[in-house]
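The values are calculated or read from the model by the stated rules, or taken from the named source; none is laboratory data. Computed from a predicted structure; not experimentally measured. So basically every Cβ, Gly included, is an ideal-geometry build from the backbone, and we count neighbours across all protein chains shown.
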(Lines give C-alpha, C1' and ligand atoms only; values in the text may rest on other atoms or scores of the structure.)
Protein backbone atom coordinates (compact mmCIF):
# COMPACT_ATOMS: atom_id res chain seq x y z
CA UNK A 1 0.00 0.00 0.00
CA UNK A 2 1.34 3.42 -0.99
CA UNK A 3 2.35 5.91 1.65
CA UNK A 4 -0.12 8.86 1.57
CA UNK A 5 1.94 11.40 3.51
CA UNK A 6 1.90 15.08 2.59
CA UNK A 7 4.69 16.17 0.26
CA UNK A 8 7.43 18.10 2.06
CA UNK A 9 9.63 20.19 -0.27
CA UNK A 10 13.36 19.97 0.41
CA UNK A 11 16.37 22.00 -0.64
CA UNK A 12 19.44 20.56 -2.33
CA UNK A 13 21.01 19.42 0.92
CA UNK A 14 17.87 17.46 1.81
CA UNK A 15 16.61 19.72 4.58
CA UNK A 16 12.93 20.70 4.51
CA UNK A 17 12.16 24.23 3.28
CA UNK A 18 10.37 26.43 5.81
CA UNK A 19 7.42 28.56 4.66
CA UNK A 20 7.30 26.91 1.23
CA UNK A 21 4.60 28.29 -1.07
CA UNK A 22 3.27 26.59 -4.18
CA UNK A 23 3.10 28.25 -7.57
CA UNK A 24 -0.69 28.23 -7.36
CA UNK A 25 -0.50 30.54 -4.29
CA UNK A 26 0.97 33.29 -6.49
CA UNK A 27 -1.39 33.11 -9.48
CA UNK A 28 -4.58 35.20 -9.46
CA UNK A 29 -7.47 33.31 -11.01
CA UNK A 30 -9.16 35.16 -13.88
CA UNK A 31 -6.19 37.49 -14.43
CA UNK A 32 -3.85 35.99 -17.03
CA UNK A 33 -0.96 38.37 -16.36
CA UNK A 34 -1.43 39.01 -12.66
CA UNK A 35 0.56 37.76 -9.70
CA UNK A 36 -0.21 37.98 -6.00
CA UNK A 37 2.44 38.25 -3.31
CA UNK A 38 1.05 36.01 -0.56
CA UNK A 39 3.44 36.95 2.23
CA UNK A 40 5.58 39.78 3.58
CA UNK A 41 8.97 38.10 3.09
CA UNK A 42 11.41 39.01 0.33
CA UNK A 43 11.42 35.40 -0.82
CA UNK A 44 7.72 35.65 -1.63
CA UNK A 45 8.31 38.84 -3.59
CA UNK A 46 11.20 37.31 -5.53
CA UNK A 47 9.20 34.21 -6.39
CA UNK A 48 6.23 36.37 -7.46
CA UNK A 49 8.53 38.40 -9.74
CA UNK A 50 9.97 35.20 -11.20
CA UNK A 51 6.46 33.88 -11.96
CA UNK A 52 5.39 37.25 -13.41
CA UNK A 53 8.43 37.39 -15.70
CA UNK A 54 7.70 33.87 -16.91
CA UNK A 55 4.06 34.76 -17.62
CA UNK A 56 5.13 37.80 -19.66
CA UNK A 57 7.71 35.75 -21.57
CA UNK A 58 5.16 33.04 -22.39
CA UNK A 59 2.63 35.66 -23.54
CA UNK A 60 5.24 37.23 -25.85
CA UNK A 61 4.99 40.68 -24.27
CA UNK A 62 8.73 41.02 -23.68
CA UNK A 63 9.59 40.12 -27.29
CA UNK A 64 7.04 42.62 -28.58
CA UNK A 65 8.49 45.37 -26.39
CA UNK A 66 11.99 44.62 -27.65
CA UNK A 67 10.75 44.79 -31.26
CA UNK A 68 9.04 48.14 -30.62
CA UNK A 69 12.00 49.81 -28.92
CA UNK A 70 12.62 51.80 -32.09
CA UNK A 71 10.74 52.41 -35.32
CA UNK A 72 11.67 50.31 -38.35
CA UNK A 73 10.61 51.66 -41.72
CA UNK A 74 8.39 49.38 -43.82
CA UNK A 75 10.85 49.60 -46.73
CA UNK A 76 13.64 48.35 -44.46
CA UNK A 77 11.44 45.45 -43.31
CA UNK A 78 10.69 44.56 -46.94
CA UNK A 79 14.37 44.80 -47.86
CA UNK A 80 15.35 42.42 -45.04
CA UNK A 81 12.54 40.06 -46.03
CA UNK A 82 13.78 40.01 -49.64
CA UNK A 83 17.39 39.42 -48.56
CA UNK A 84 16.29 36.47 -46.45
CA UNK A 85 14.23 35.04 -49.34
CA UNK A 86 17.17 35.43 -51.75
CA UNK A 87 19.52 33.64 -49.33
CA UNK A 88 17.05 30.77 -48.92
CA UNK A 89 16.62 30.53 -52.70
CA UNK A 90 20.40 30.57 -53.21
CA UNK A 91 20.86 27.73 -50.71
CA UNK A 92 18.07 25.71 -52.31
CA UNK A 93 19.58 26.18 -55.77
CA UNK A 94 23.05 25.15 -54.58
CA UNK A 95 21.60 22.08 -52.91
CA UNK A 96 19.69 21.15 -56.08
CA UNK A 97 22.73 21.67 -58.34
CA UNK A 98 24.83 19.53 -56.05
CA UNK A 99 22.22 16.78 -56.27
CA UNK A 100 22.07 16.83 -60.08
CA UNK A 101 25.88 16.85 -60.52
CA UNK A 102 25.85 13.06 -60.00
CA UNK A 103 23.79 12.48 -63.12
CA UNK A 104 24.92 12.80 -66.72
CA UNK A 105 22.19 13.31 -69.32
CA UNK A 106 22.69 12.55 -73.00
CA UNK A 107 20.22 13.19 -75.75
CA UNK A 108 20.31 11.10 -78.94
CA UNK A 109 18.74 12.78 -81.96
CA UNK A 110 19.10 10.74 -85.09
CA UNK A 111 22.69 9.53 -85.12
CA UNK A 112 24.17 12.35 -83.01
CA UNK A 113 24.65 12.32 -79.24
CA UNK A 114 24.36 15.66 -77.48
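In the set (1) part of a loop (DSSP other than H, G, I, E, B); (2) surrounded by 11 or more Cβ atoms within 10 Å (Cβ to Cβ); (3) free of Cβ contacts under 8 Å to residues at least 24 places away in the same chain; (4) within 25 Å of the chain's Cα centre (by Cα), the condition left unmet by residue 38 is number (4).
Going by the structure shown, is residue 73 over 27 Å from residue 32 (Cα atoms), without any contact (Cβ under 8 Å) to a residue 60 or more places away in the chain, more than 23 Å from the chain's Cα centre (by Cα) and surrounded by fewer than 10 Cβ atoms within 10 Å (Cβ to Cβ)? Yes: the conditions hold for residue 73. Taking residue 69, is it over 22 Å from residue 17 (Cα atoms) and assigned to a loop (DSSP other than H, G, I, E, B)? Yes: the conditions hold for residue 69. The number of residues in the stretch 12-29 that are surrounded by fewer than 10 Cβ atoms within 10 Å (Cβ to Cβ), part of a loop (DSSP other than H, G, I, E, B) and either modelled with pLDDT of 90 or more or at negative phi (or both) comes to 6.
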